[in-house]
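First comes the structure, then the notes that go with it.
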Amino acid sequence: MTTAHTDHFARNHLPPSDQQPVYLFDLPELRFPEQLNCATELLDRHIDNGQGDRLCIRSPKVSWTYAELFDKANRIANVLVHSMGVVPGNRVLLHGPNNPMMVACWFAIVKVGAIAVATMPLLRAKELKAVIDKAEICHALCDASLSAEMRNAAMQCPTLKSIQHYNYEGPDSLEAAMERQSGVFPNANTAADDTCIIAFTSGTTGIPKATMHFHRDVMAVCACWSHHVLRPSADDVFMGSPPLAFTFGLGGLVLFPMSVGASTVLLEKAGPPQLLDAIEEYGATVLFTAPTTYRTLAPRGVDLRKTGLKHCISAGEALPASTRTLWRDATGIELIDGIGATEMLHIFISADAVHAKPGATGTVVPGYQACIMDDDGNTLPAGQVGKLAVRGPTGCRYLADERQKTYVRFGWNFTGDTYLMDDDGYFFYQARTDDMIVSAGYNIAGPEVEEALMLHPAVAECAVIGSADEERGQIVHAYVALRPGHAGDSLMTKQLQDFVKAQIAPYKYPRAITFVAALPRTQTGKLQRFKLRETL
Ligand code: 3UK
């Protein structure tokens, strides 16, 4: 294998090989060639096969064939290289809502042999800066609708050399620069183990964890879960809500449809009402979203039965058995549940509609192995609750992070989930082992919300936990002790909520605030969050 990177940042920051998990490539479809560029496989291949005229991406504004996406990605690749000075191995920040231009930019970055670092559209300057600093990013492609936060971040990030904005008309736009470039681009001849994406997790401590994935990892998730469990065809129309910065969305809305030459519909706003309209309008056959969305959409079952919807995938948080039943009764469709993780790139335990078992996530996806372990790395027998451990073609590689040793032990990836496996090899989710709050499909780190609250002058101390909620699975619940002279009333609640929203992504704000005189602490001064949970 010969790397195409001339900037060796990614390879230099990989965890040492003895800290990486064991990788499995037993399936014949996982025997990848030494040189592999996943953009060539997912995009150029369809042009070479004469499928360029097939529909590839749709949105309310545009409709592109594979040939059109290919042309745009090539032009952007030329802009990256010839006008922005990107070289293979550079990290390129990609910031925007889900739309066709974001996908064209993603392919351009990967074609160049650079590394795509996609970020959630709701991130504020402070959070963007953390990503830019951690991944040592010099170049950015940003949707014009999000330029304000991007410019704020850029002011605090002297290393950021060039930013191009897209989705607007102007002489300095990316579109104008594309006009001046050729639609032909020779893809970088990357090694199968060159990093092509860095995906950030929210992390329990609030310090972002960056996971590195190779070209072969991108192809592996297409060959495993998508090929064996979803089994899509070229006639499928994919749709969903997860942002492309979340690997659940990248896989479900870009990689999987394009791996079979199908089409995908990208929506900037993909709440339940928009999804419902779009399923009807575009004839979606495959839907990717979180359990709460299925719960919200179920009452529209009569309308949904008239659409072409066939495959519905739920991931991001545990799927309650009641939601599975609700959806089946309403629509006649059996949900496909699957647990995935940013560290693993995509789903590794799942069940298709025929093999679904209520209350269980599913069985291990072909290409992966999973078991329940104790803290010493002993495999526990069926029926016992323990830690979920998995391994397969993909696995955890944190960018320069001590937490690598916690996620990967004994060659296995420990996802931080407590699970049980039954006699038939079905895995049943129990709980998160750590403190992560999962609200409406988003992972939110309590300490990050605490940090934001603590900056308010009226706050003496605070603790943030997740409390159970029918709608969202969990909501962010803050316990706040105020400084003397401040009243814990509804006005203060509103003030604190707005204060948090102004600093970090608004979806992380505490939907519930309880005012307390003091917080429970250990003798050593450590916060006892479990005591707060017990009071709920
Ligand atoms: C939890 C689930 C029960 C679980 C993800 C599909 O969610 C994804 O990645 P994240 O890094 O979070 C990982 C954690 O989320 N989880 C996800 N799915 C399920 N718990 N049942 C499920 N079906 O705690 C896991 O460790 O944000 C999901 C594909 C790609 C992804 N990145």
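The values are calculated or read from the model by the stated rules, or taken from the named source; none is laboratory data. Here the structure is a predicted model, which is why all the values come from computation and not from measurement. Note that we place each Cβ from the backbone using ideal geometry, even for glycine, and neighbour counts take in every protein chain shown. Just the protein is used for accessible areas: all its heavy atoms, side chains included, with ligands, DNA and RNA removed. Shrake-Rupley method; radii C 1.70, N 1.55, O 1.52, S 1.80 Å.
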- [ ] Could you list the square roots of 5 times each eigenvalue of the Cα gyration tensor of the stretch 1-50, that is, the equivalent ellipsoid semi-axes, sorted largest first and rounded to whole Å?
- [x] 26, 18, 8
Task: Accessible area in the full protein assembly, largest first, 1.4 Å probe, for I197, I513 - done: I513, I197
Open item on the list: Between the stretch 287-330 and the stretch 343-365, how far is it from one alpha carbon centroid to the other, in angstrom?
Closed with: 16
Open item on the list: Please list, ordered by chain and number, the residues whose modelled amide H lies under 5 Å from the amide H of A341; skip anything fewer than 5 residues away on the same chain.
Closed with: H346
Task: Between the stretch 85-119 and the stretch 402-461, the alpha-carbon center distance in angstrom - done: 28
Task: 34 Å tail of the calculated P(r), the chain, as % of Cα pairs - done: 37
TODO: Show the residues, 5+ positions off or on another chain, whose built amide H is closer than 5 Å to the amide H of V408.
DONE: F414
Open item on the list: Could you give each residue of the stretch 449-460 its phi-based ³J(HN,Hα) in whole Hz, using Karplus coefficients 6.51, -1.76, 1.60 with θ = phi - 60°, and x for Gly or Pro?
Closed with: 5, 4, 4, 5, 4, 4, 6, 6, x, 7, 8, 8
Open item on the list: Given contacts defined as C-alpha pairs under 8 Å and at least six residues apart, what's the relative contact order of the stretch 440-534, whole-number percent?
Closed with: 29
Task: Accessible area of T296 in the full protein assembly, 1.4 Å probe (Å², nearest 10) - done: 60
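Using Stokes-Einstein with the Kirkwood hydrodynamic radius over Cα pairs, what translational diffusion coefficient do you get for the stretch 294-450 at 4 °C and a viscosity of 1.567 mPa s, in µm²/s rounded to a whole number? Before the final figure, lay out each step's value.
On the way: Rh = 16.8 Å.
This corresponds to a translational diffusion coefficient of 77 µm²/s.
In the chain, what percent of the accessible surface is made up of carbon and sulfur (1.4 Å probe, ligands and nucleic acids excluded)?
Working: 11000 of 20870 Å².
Carbon and sulfur together cover 53 percent of it.
Report D for the stretch 54-143 in µm² per second (integer): Stokes-Einstein, Kirkwood Rh on Cα pairs, 20 °C, 1.002 mPa s.
Working: Rh = 13.5 Å.
In µm²/s, the coefficient rounds to 158.
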Task: Phi-based couplings in Hz for the stretch 278-285 (Karplus 6.51, -1.76, 1.60; Gly and Pro marked x) - done: 5, 4, 5, 5, 9, x, 4, 10
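Determine the dipole magnitude for the stretch 108-192: charges of +1 sit on the beta-carbon of Lys and Arg, -1 on that of Asp and Glu, nothing else is charged, the reference point is the Cα centre, and the result goes in debye to the nearest 20.
In total the dipole reaches around 260 debye.
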Open item on the list: For the pairs K72/K134; K269/K306; K61/K269; K161/K209; K405/K531, flag any whose C-alpha to C-alpha distance is greater than 20 Å.
Closed with: K72/K134; K269/K306; K161/K209; K405/K531
Task: Dimensions (Å) - the stretch 224-368, Cα atoms, principal axes, largest first - done: 38, 32, 24
TODO: Treating only the Cβ atoms of Lys and Arg (+1) and Asp and Glu (-1) as charged, compute the dipole magnitude of the stretch 209-350 about its Cα centre; round to the nearest 20 debye.
DONE: 180
Task: Cα lying deepest toward the dipole's positive end in the chain, options L27, I504, G416, charges on Cβ - done: I504
TODO: Using only alpha carbon pairs under 8 Å that are at least six residues apart, calculate the relative contact order of the stretch 296-433 and give it in whole percent.
DONE: 18
Task: Per-residue ³J(HN,Hα) for the stretch 361-377, Karplus 6.51 cos²θ - 1.76 cosθ + 1.60, θ = phi - 60°, Hz, x for Gly and Pro - done: 6, x, 10, 5, 6, x, x, 10, 10, 9, 7, 9, 10, 8, 5, 9, x
Open item on the list: Can you find, among P366, A445, M102, the residue sitting farthest towards the positive end of the charge dipole of the chain, where Lys and Arg contribute +1 and Asp and Glu -1 at Cβ?
Closed with: A445
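What does the charge add up to near Y282, with Lys and Arg as +1, Asp and Glu as -1, over the other residues with Cβ less than 12 Å from its Cβ?
Numbers: positive: R58; negative: D236, D277, E280, E281.
After counting each charged neighbour, the total is -3.
Using the Cα gyration tensor of the stretch 175-281, with a ≥ b ≥ c the square roots of its eigenvalues, what is the shape: rounded (a/c below 1.5), prolate (a/b larger than b/c) or oblate (neither)? Write down the numbers at each step before the final one.
Working: a/c = 1.29, a/b = 1.12, b/c = 1.16.
The shape class here is rounded.
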Open item on the list: If I ignore ligands, DNA and RNA and count only protein heavy atoms, how much of R403 is accessible to a 1.4 Å probe, in Å² to the nearest 10?
Closed with: 50
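May I ask you to give the solvent-accessible area per residue for the chain, in square angstrom, as obtained with a 1.4 angstrom probe?
39
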Task: Size of the stretch 42-91 as Cα extents on the principal axes (Å, biggest first) - done: 32, 28, 16
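So in the chain, what percent of DSSP beta bridges are antiparallel if you round to the nearest 5?
Numbers: 49 of 82 bridges.
In the chain, approximately 60 percent of DSSP beta bridges are antiparallel ones.
Net charge near V62: determine it from the other residues with C-beta under 11 Å of the C-beta of V62, scoring Lys and Arg +1 and Asp and Glu -1.
Details: positive: R58, K61, K72; negative: E68.
For residues surrounding V62, the net value is +2.
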Task: Where GluC sites (Glu not before Pro) fall in DSSP loop in the stretch 134-231, at most 11 other Cβ within 10 Å - done: E169
- [ ] Could you please report the charge total around T3, scoring K, R as +1 and D, E as -1 over all other residues with beta-carbon less than 9 angstrom from its beta-carbon?
- [x] -1
Task: Charged-residue dipole, Cβ positions (Lys, Arg, Asp, Glu), the chain about Cα centre, Debye nearest 20 - done: 840
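Express the C-alpha Rg of the stretch 440-534 as a ratio against the empirical globular expectation 2.2 N^0.38 Å, rounded to two decimals. Before the final figure, lay out each step's value.
Working: Rg = 12.8 Å, N = 95, 2.2 N^0.38 = 12.4 Å.
Normalised by 2.2 N^0.38 Å, the Cα Rg of the stretch 440-534 equals 1.03.
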Open item on the list: From Cα pairs below 8 angstrom and at least 6 apart in sequence, can you work out the relative contact order of the stretch 1-96, rounded to a whole percent?
Closed with: 35
TODO: For C312, list long-range residues whose amide hydrogen, built 1.01 Å from N in the peptide plane, is under 5 Å from its own amide hydrogen.
DONE: L287, I336
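Please arrange C138, C38 by accessible surface area, largest first, computed with a 1.4 Å probe and ligands excluded.
Values: C138 40, C38 0 Å².
Final ranking, largest accessible area leading: C138, C38.
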